[in-house]
Amino acid sequence: MCELKIDGLAVSLRYEDGVLVQGATRGDGGRGEDITPNLRTVRTIPLRLQGDAPAVLEARGEVFLPVSELARINAEREESGEPLFANPRNAAAGSMRQLDPSITASRRLDIFCYGTGEVRGASFDTHTRELALLRELGCKVNPHVASVASIEEALAYCQDWTARRGELDYDVDGVVVKADRVELQARAGATSHGPRWATAFKFPAVEAETVVRDIEVTVARTGRLTPVAIMEPVFVDGSTVSRAVLHNEDEVARKDVRIGDHVIIRKAGDVIPEVVRSLPDRRTGDERSFEMPHECPVCGTEVVREEGEATTRCPNLNCPARRLSLLLHWGGRQAMDIDGLGEAVAGQLLDRGLVDRPEDLYELAAEQVAELERMAEKSAHNLIAAIETSKERGLERLAFALGILHVGRTAAARLAERYGSLRDIADAPQEELEEVPDIGPKIADSLVRYFSRPENADLPERLAALGIMTARVEGDEGAGTTLAGLTFVFTGALEVMTRSEAQERVENLGGRATSSISSNTDYVVAGPGAGSKLDRARVEVISEHEFLAMVRDAGGGIPGA
């Protein structure tokens with residue numbers, strides 16, 4: 001199956017007994033935002049399904065803003081002196097997050113549904129039938145979906161729409177090619193990054209030429225110095241671009257980008273501007289080579305570059321740029337998600353000495369915040385309320401929010417799965433940390449270094465005293481079950497449930513499902529047709545029925561039981 005990849009906002013629509021009960025953004029795949037009132041205003045989203053609706057149907061789709069509608073909205077915004085939307089995707093995402101649903105309704109958004117999540121009371125054996133079911137129930141499906149019989153036909157579809165994408169009144173950034181049969185999808189399985197039974201063909205990026213006027217250096221929360229090209233503004237694929245990250249000193253040298261150069265730029269993944277190459281034949285002799293500064297451009301501390309690393313860092317933990325970046329990271333949507341903690345507010349809090357470290361946020365009073373520039377009393381109370389709410393984000397988000405070098409969202413999730421509290425993580429020896437899935441020597445060393453600093457020695461206790469959740473709460477889904485902490489690998493065809501359902505069941509009960517056997521694997525669940533994985537297994541191999549018995553004992557539900 002070949003489908004156009006719509007460039008919008010991914011949403012999930014949950015129907016119970018045919019009635020829309022909830023709509024949410026996809027978020028990070030595990031958590032999204034409840035935007036039900038706004039989704040109800042989209043005219044092409046049925047509030048009640050047609051015909052014989054299943055007991056439960058989760059329809060997944062992409063909300064988008066037609067290109068013609070963006071032109072209409074921007075014309076009105078320009079006339080009233082408001083800033084223009086850069087592209088349809090930004091406009092769609094912004095419209096869906098409006099506090100006032102009437103604003104969302106006025107923007108004439110649209111949707112294409114491309115699949116389902118949970119379904120009870122209906123079944124299908126192919127993706128073709130899945131889309132037909134959605135159409136029969138009144139959900140809007142893209143008319144250009146095509147069934148193809150070979151990879152050659154799939155390539156032809158991709159090439160055809162590469163040339164024809166401009167004919168559409170909505171943005172598409174590629175084609176998704178999927179296995180049609182559900183049984184094949186189950187056999188192919190998925191990795192932590194996505195399904196193996198679907199892949200995206202991205203359309204070639206739109207390129208443009210501009211001039212590099214300067215190369216500035218920014219300082220991140222980890223102290224990383226990043227060169228950024230400051231360019232003559234140029235319109236590229238829907239928005240005006242004037243800055244592009246050059247990553248590090250080696251990257252600047254590899255691309256031979258000089259100040260004053262004519263360069264070709266594009267949007268990586270159709271989103272992030274990047275310099276593709278310089279144009280040496282356009283040089284006049286006035287261009288200047290870039291050199292990484294020997295001192296931090298913000299605090300003046302001598303910078304360091306570890307042997308074998310491409311990154312140059314400011315080692316000063318009190319560097320104002322590092323402190324600001326860390327504070328913004330802490331309040332970011334994927335971390336503690338503190339609405340209202342933007343750069344202007346965070347900068348004032350630091351400049352006035354009201355906050356030194358992120359945990360100081362939790363001792364702020366509304367009266368102090370209200371004294372900041374452009375902060376009214378209501379805004380101050382809203383920020384304090386958001387800070388208070390952030391205390392309940394949980395161990396996984398907290399571990400990520402700390403901004404520990406190399407500890408991203410995946411590492412934070414694995415640490416939260418393995419350990420019961422932030423104190424347990426802080427006390428874990430490096431050798432033990434390295435045994436945690438997705439935590440290698442580099443991340444383990446960074447964790448040990450972080451918690452060995454004097455200022456972080458009692459950090460878990462300080463955070464807990466402020467009311468911040470630093471431990472995994474008893475009663476959390478999966479905590480304390482007989483599957484908690486166990487790692488499963490599934491091979492062969494399952495009969496009672498799909499492989500993805502089995503993996504989800506394991507993770508909901510506190511275990512972990514992986515695609516390959518390693519020293520951390522506890523059980524291999526083998527169904528009919530199990531192949532090379534079974535041959536390599538050096539751990540306990542169990543049948544699907546034995547696995548289902550374990551799930552029942554752990555309190556997990558079984559389809560049809």
Calculate log10 I(q)/I(0) of the stretch 6-101 for q = 0.15, 0.17, 0.19, 0.20 Å⁻¹, where I(q) comes from the Debye formula with a single equal point scatterer on each Cα and nothing for solvent. -0.64, -0.78, -0.92, -0.99
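Filter K5/K267; K202/K442; K178/K202; K178/K267 down to the pairs with a C-alpha to C-alpha distance above 22 Å, please.
Details: K5/K267 17 Å; K202/K442 33 Å; K178/K202 14 Å; K178/K267 26 Å.
Over 22 Å Cα-Cα: K202/K442; K178/K267.
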Unpartnered cysteines - no second Cys beta carbon under 4.7 Å - across the chain: C2, C158
Between S150, L349, I265, whose Cα lies farthest towards the positive end of the dipole of the chain when Lys and Arg beta carbons carry +1 and Asp and Glu beta carbons carry -1, centred on the Cα centre? S150
Which value, in debye to the nearest 20, gives the size of the charge dipole of the chain about its Cα centre, when Lys and Arg are +1 and Asp and Glu are -1 at the Cβ? 740 debye
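Over the stretch 320-392, what relative contact order in percent results from Cα pairs under 8 Å that are six or more residues apart? Numbers along the way, then the final one.
Values: 61 pairs, mean separation 22.7, N = 73.
Answer for the stretch 320-392 is 31 percent.
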Residues with amide H under 5 Å of V236's amide H, sequence separation 5 or more or different chain, H placed in the peptide plane at 1.01 Å from N; which? V241
For every helix of n ≥ 4 consecutive DSSP H residues, a contribution of -39,500 (n - 2.57) applies; sum these over the chain, divide by its total residues, and give [θ] at 222 nm rounded to the nearest 500 deg cm²/dmol. -8500 deg cm²/dmol
Mind checking which lysines have their C-alpha under 28 Å from K391, skipping anything on the same chain fewer than 8 residues away? K378
What distance in nm separates the two pseudo spin-label positions at E295 and E363, each 7 Å out from Cα along the beta-carbon direction? 3.3 nm
Between D160 and D445, with labels modelled 7 Å along Cα→Cβ, what's the label distance in nm to one decimal, could you check? 5.4 nm
Peptides 332-340, 80-88: what's the order by average Cβ count within 10 Å, highest mean first? 332-340, 80-88
Phi angles of the stretch 363-374, converted by Karplus (6.51 cos²θ - 1.76 cosθ + 1.60, θ = phi - 60°) into ³J(HN,Hα) in whole Hz with x for Gly and Pro, give 10, 6, 10, 4, 5, 5, 5, 5, 7, 5, 5, 6
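Since every read-out is calculated from the coordinates, none of them should be taken as a lab result. Owing to the predicted nature of the structure, the values given are computational and were not obtained by experimental measurement. Cβ: placed from backbone, ideal geometry, glycine included. Neighbour counts: every protein chain shown.
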